[in-house]
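Comments concern the structure below.
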Amino acid sequence: MRPAVKAQLLCLAALTVFTGRSYAVSSISIEIGQLESPVGQARNVSLDYRPGGALQAKGQIKAASDKQWSDASLSCDVFSNTKAGLWQCRDGRLVTERIKLPFSLAVTARKTRGLQQLSAELSFKEASFSDAQGLHAGEKMSGSLLFAASQRLDANDPKPGQKTPPQKVAGWDWQGTIDWTGGELFWAPFYFANGGHHLDAKGQWSPLALTVQRADLRLKGAGQASVSGEYNLLDNQLETLKVDADNLDLAGLYPLVLKPLLEKTSLNNLEMAGKADLNLDFQHGEMQAFNLDLQNVDVEDKDGSFALYKLDATIPWDYNEARMLKLAYQGGHLLRLPLRQTALTAELNRYSVTAPKLTLPILDGELTLGNVSAAWVGGQWHWHLRAGLTALSMPELSHALGWPRMEGVVSARIPLVTYTYGNLSTDGTMIFNAFDGITTVSDLAMRNPLDVSPRLTANVRMRGLDLGKLTRTFSFGAIEGKLDGDILNLELVNWAPEKFDASFYSSPGRYPKKISQRAVENISSLGGAGAVAALQRSFLRFFKEFNYSQIGISCRLRDDKCYMDGIAGTEKPGSDQPRREKPARENTVPRVNNPAPSYVIVKGSGVPAITVLGYNHSVGWDDLLSRVRRITEGNKPVIK
């Protein structure tokens, strides 16, 4: 006879003794070789029982998903069958390698009119558990569970002229309550630091489907929701789901539920306050309706990317009808740019969002978004828009961004921006006006802009920037003239530069060109010692400013090193355009063959004149940044 069959017969005999009130039996010992079930296996099980007294069971168990056996024990200080159909285990303990469960349990099983009825009451205190994968764990958990189920008959009506056919058991009606009073629970990706949560639910079960007629869930500090639905057990598919949640507290809901779901997005580090209502209707395997109302909500990114204050929004959605989205806020900021009071509307039409024009007041100007269109296709968002920025006051802008005070205004025109399959790109050239010059950004593309580590590539060109305004702004020392610049093959990873080919050089044309002694010292500190020492040893130290004919400096960033050069490598004499070097291959470091001992950064002209040389052809990127920081913070340059 197979061990599993022997075990079943032994268990049947034991239950007969338990319920038969045979007082002649003083103790019972049972040994079971192996037990099997869909959830796992047990082997080498020994069972010792004293009627009306203690129950002890030991053995080895292995869950269906585990590869290793582990020791397990189950004990009840008092195990009794006080009346037919009622079993009680008081002061019980279940102990395995990953489970420590002190509990008390009462189970009732009886038949009424041939239909089975079951009920159970379980209480537990200071329980702990974990799994081998580290995805589920609990610590010092306390609470109780009440569950009841009863068989129900098939309610088929008889056919005309036919007697009522014999009914058969169609499934179970069930109801349950979970009251979790204390302890910690991690159920990936969610973490609950303490108890105070409650669930009441009831429904039906059959081999075909699990139905939840109503489930009322209360999460401490977050609010409560009512849920109903049906799950197809044959197809493993959700058929229907309805959720109604009113007056949710976002301050408690975000860290408890929303943050774990947004962990791999740019919305994973928010602080929220305010209320929300949510209604959801899912039918026949598809979403049918959705409505989210936000009331007096404050949301702020702790990393400083954005914030919205006193936000009110109605976001309705219907599968069959177009609806209007409405959103308004009293203030906020976007990348630290202050946002003024705003009201926006857009049309939601099934899986698309459209708006002919959206206007966002920023400082004393406006950011206008036009031709806005977004669609959910293939499980991803795809969208495009155009944008324009009216003239913003540079003093207000620089103050808002924490920059040194800048004068003038800045405006921008942004062509068609497209986002599809996780890639953002621009169709055309972005144009910015600042420092009396023009800056263009072309070939802009971004990979995973909403992810934690976005990657951006672009080419930036600056023409005719006023060096006087630029150097006064950043406390660099006075330079009079105009500047052109190129930052080509730019790559940013998580907004930090990883690669670029940058060069800055004098704009072509005739205009005054003067440079102060302090600017000479600061430029020299970028390229290495030389000019400062020569300046301090000669009669030139008596002059406050000098004439120059050209300025040029370049940096090719590779592997956290800046490979530097001067005028000879960036500008061809007599040409209006900078000389283009042959681009380096991807992920290669440019080599300098027989490098000259120095390169020219500032070429002097007239009287008094001074030429500034650079000596460092390779500088660590962090070291170069620290030198620039010392200069712009107004400290004396440190020359190595």
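Every read-out reported here was derived from the displayed coordinates using simple, explicitly stated rules and does not represent laboratory data. Because the structure is predicted, anything quoted here is derived from the model rather than measured. Heads up, the Cβs are rebuilt from the backbone with ideal geometry, glycines too, and the neighbour counts pull from every protein chain shown.
Using R0 = 56 Å, the C-beta based FRET efficiency linking Ile438 and Arg214 works out to 0.30. Per-residue Cβ neighbour counts within 10 Å put Ser554, Ser442 in the sequence Ser442, Ser554, beginning with the fewest.
One decimal place: the segment Asp303-Ser226 gains 24.3 nm when fully extended, by the rule 0.36 nm per residue minus the C-alpha distance.
Residue by residue, segment 233-239 carries 3J(HN,Hα) couplings of 6, 6, 9, 6, 9, 6, 8 Hz when phi is fed to the Karplus relation 6.51 cos²θ - 1.76 cosθ + 1.60 (θ = phi - 60°); x denotes Gly or Pro. Neighbours of Asp77, meaning other residues whose beta-carbon lies under 10 angstrom from its beta-carbon, give a summed charge of +1 when Lys and Arg score +1 and Asp and Glu score -1. A simple rule links phi to the HN-Hα coupling: the Karplus curve 6.51 cos²θ - 1.76 cosθ + 1.60 with θ = phi - 60°, which for segment 396-402 gives 5, 5, 5, 5, 5, 8, x Hz, with x for Gly and Pro.
Of the peptides 443-449, 484-490, 259-265, the ranking by mean beta-carbon count within 10 Å, highest at the top, reads 484-490, 443-449, 259-265.
Label positions at Met324 and Leu153, each projected 7 Å from the Cα along the C-beta direction, are separated by 5.7 nm. For Asp216, Asp427, the sequence from fewest to most other C-beta atoms within 10 Å is Asp427, Asp216.
Label-to-label distance, Val95 versus Ser453, with points set 7 angstrom from Cα along the beta-carbon direction: 4.5 nm. If the label point is 7 Å along Cα→Cβ of Asn494, which residues in segment 432-451 have backbone nitrogen under 19 Å from it? The answer is 446-451. When the convex hull of its Cα atoms is viewed from all sides, segment 351-419 shows a mean projected area of 5.5 nm². Between Glu239 and Phe129, the FRET efficiency estimated from the beta carbon spacing at R0 = 25 angstrom works out to 0.20.
Positive contributions from Lys and Arg (+1) and negative ones from Asp and Glu (-1), summed over other residues with Cβ under 11 Å from the Cβ of Asp293, come out at -1. Put a dot 7 Å past the Cα of Arg405, heading toward its Cβ, do the same for Ile28, and the two dots end up 9.2 nm apart.
Distance between the C-alpha centres of segment 337-374 and segment 258-284: 22 Å, rounded to the whole angstrom.
Among Ile553, Ile28, a tally of other beta-carbon atoms within 10 Å of each Cβ gives an order, fewest to most, of Ile28, Ile553.
Computed from backbone phi with θ = phi - 60° and the Karplus coefficients 6.51, -1.76 and 1.60, the 3J(HN,Hα) list for segment 339-352 is 9, 8, 3, 9, 9, 10, 9, 8, 9, 9, 10, 6, 9, 9 Hz; x is used for glycine and proline.
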